[in-house]
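J.: I have a structure here, written as structure tokens, and I will follow up with some questions on it.
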Amino acid sequence: MAVIKSIHRIRRSKRAFPVFTARIRAGFPSPAADYEENKLDLNQYLIKNPPATFFVRVSGDSMEGAGIHDGDLLVVDRSLEPRSGSVVIAVINGELTVKRLRIRRGKPVLEPENSKYPVQEIKKETEFEVWGVVTNVIHPL
């Protein structure tokens with residue numbers, strides 16, 4: 001099961017890195033310095049609404065099919081409206097989890113992206129809240 005390992009607030013930095021407009025080939029190397037166009041601030045690229053955005057670290061493998069792996073950092077925006085098909089951070093009975101939200105017959109369910117785990121149906125007695133929508137995944141190679 002993929003659960004939230006830690007939560008981090010956004011700290012703005014002034015760091016920006018060069019952006020190369022040329023696509024990088026996996027074959028022969030090319031002199032990429034000729035294609036540098038601008039600077040890229042990863043905060044501006046990844047974060048659209050800073051006051052409503054935070055990072056969470058994932059623990060578990062239930063979302064591997066969505067490209068979310070153990071130890072990945074997720075960028076989460078609380079200002080976005082969750083929709084059926086969104087990957088969300090949800091609270092279920094007091095525990096944070098990351099799953100794909102689906103609306104079936106008007107009721108929410110949380111789907112893992114790994115067949116080893118069951119779909120979680122949200123029943124009337126279930127304490128449930130969507131905390132935010134995942135917008136990006138950061139993971140090492």
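The values are calculated or read from the model by the stated rules, or taken from the named source; none is laboratory data. Source: prediction; values computed, not measured. Quick reminder, even Gly has a Cβ in these numbers, built from the backbone with ideal geometry, and neighbours come from all protein chains shown. To get the accessible areas, we keep the full protein, side chains included, count just its heavy atoms, and leave off ligands, DNA and RNA. Shrake-Rupley method; radii C 1.70, N 1.55, O 1.52, S 1.80 Å.
J.: Calculate one ³J(HN,Hα) per residue across segment 102-111 by plugging θ = phi - 60° into the Karplus curve 6.51 cos²θ - 1.76 cosθ + 1.60, and present them in order as whole Hz with x for glycine and proline.
T.: Computed from phi, the couplings for segment 102-111 are 10, 10, 10, 6, x, 10, x, 9, 10, 9 Hz.
J.: Heads up, I need the accessible area for Arg100: 1.4 angstrom probe, whole protein in place, Å², nearest 10.
T.: The accessible area of Arg100 comes to roughly 50 Å².
J.: Continuing with this model, one more query. I want to check the label-to-label distance for Ile92 and Glu121. Put each point 7 Å from Cα in the C-beta direction and report it in nm to one decimal.
T.: About 1.3 nm separates the two model spin labels.
J.: I would also like to ask the following. Amide H of Gly132: which non-local residues (sequence gap of 5 or more, or other chain) have their own amide H closer than 5 Å, using H built in the peptide plane?
T.: Ile89
J.: Now, a different point. Treating cross-link reach as a plain straight distance, find the aspartates and glutamates whose alpha-carbon is under 13 Å from the alpha-carbon of Lys48, omitting any fewer than eight places away in the same chain.
T.: Straight-line reach from Lys48, under 13 Å: Asp77.
J.: Moving on. Please list, in chain and number order, the residues 5+ apart from Leu96 or on another chain whose amide H is under 5 Å from its amide H, with Hs placed from the backbone.
T.: Result for Leu96 returns Ile4.
J.: Given a Förster radius of 22 Å and the C-beta distance between Asn38 and His8 as r, what FRET efficiency does 1/(1 + (r/R0)^6) yield to the nearest 0.05?
T.: The calculated FRET efficiency here is 0.20.
J.: Assign unit charges at the C-beta atoms only (+1 for Lys and Arg, -1 for Asp and Glu), then state the dipole size of segment 26-141 relative to its Cα centre in Debye, rounded to the nearest 20.
T.: On the way: 14 positive and 17 negative charges, 136 e Å.
Charge dipole, segment 26-141, about its Cα centre: 660 debye, nearest 20.
J.: Just to check I understand the Karplus step: with θ = phi - 60° and J = 6.51 cos²θ - 1.76 cosθ + 1.60, what whole-Hz values come out for segment 54-70, glycine and proline as x?
T.: So the J values, rounded to whole Hz, are 8, 10, 10, 9, 8, 10, x, 10, 6, 10, 4, x, 9, x, 10, 10, 3.
J.: Still on this model: Step through the residues of segment 112-121 one at a time and calculate ³J(HN,Hα) from phi using the Karplus curve (6.51 cos²θ - 1.76 cosθ + 1.60, θ = phi - 60°), rounding each to whole Hz and writing x for Gly and Pro.
T.: Here the 3J(HN,Hα) series is x, 10, 7, 5, 6, 10, x, 5, 9, 7 Hz.
J.: As a test question: what accessible area, to the nearest 10 Å², does Lys123 have when a 1.4 Å probe is rolled over all protein chains in place?
T.: Rounded to the nearest 10, that gives 110 Å².
J.: Ratio of Rg to Rh for segment 90-141, alpha carbon only, Kirkwood?
T.: 1.00
J.: Just to make sure I understand: if all protein chains stay in place, what is the order of Val119, Val91 by accessible area at 1.4 Å, largest first? Write down the numbers at each step before the final one.
T.: Details: Val119 65, Val91 20 Å².
If we order Val119, Val91 from most to least accessible, we get Val119, Val91.
J.: Given H placed 1.01 Å from N in the peptide plane, which residues other than close sequence neighbours of Asp41 have an amide H under 5 Å from its amide H?
T.: Sorted by chain and number, the residues that satisfy this are Phe17.
J.: Run through segment 40-134 and list the GluC sites (Glu not before Pro) located in a DSSP loop whose Cβ has at most 15 other Cβ atoms within 10 Å.
T.: Glu125, Glu127
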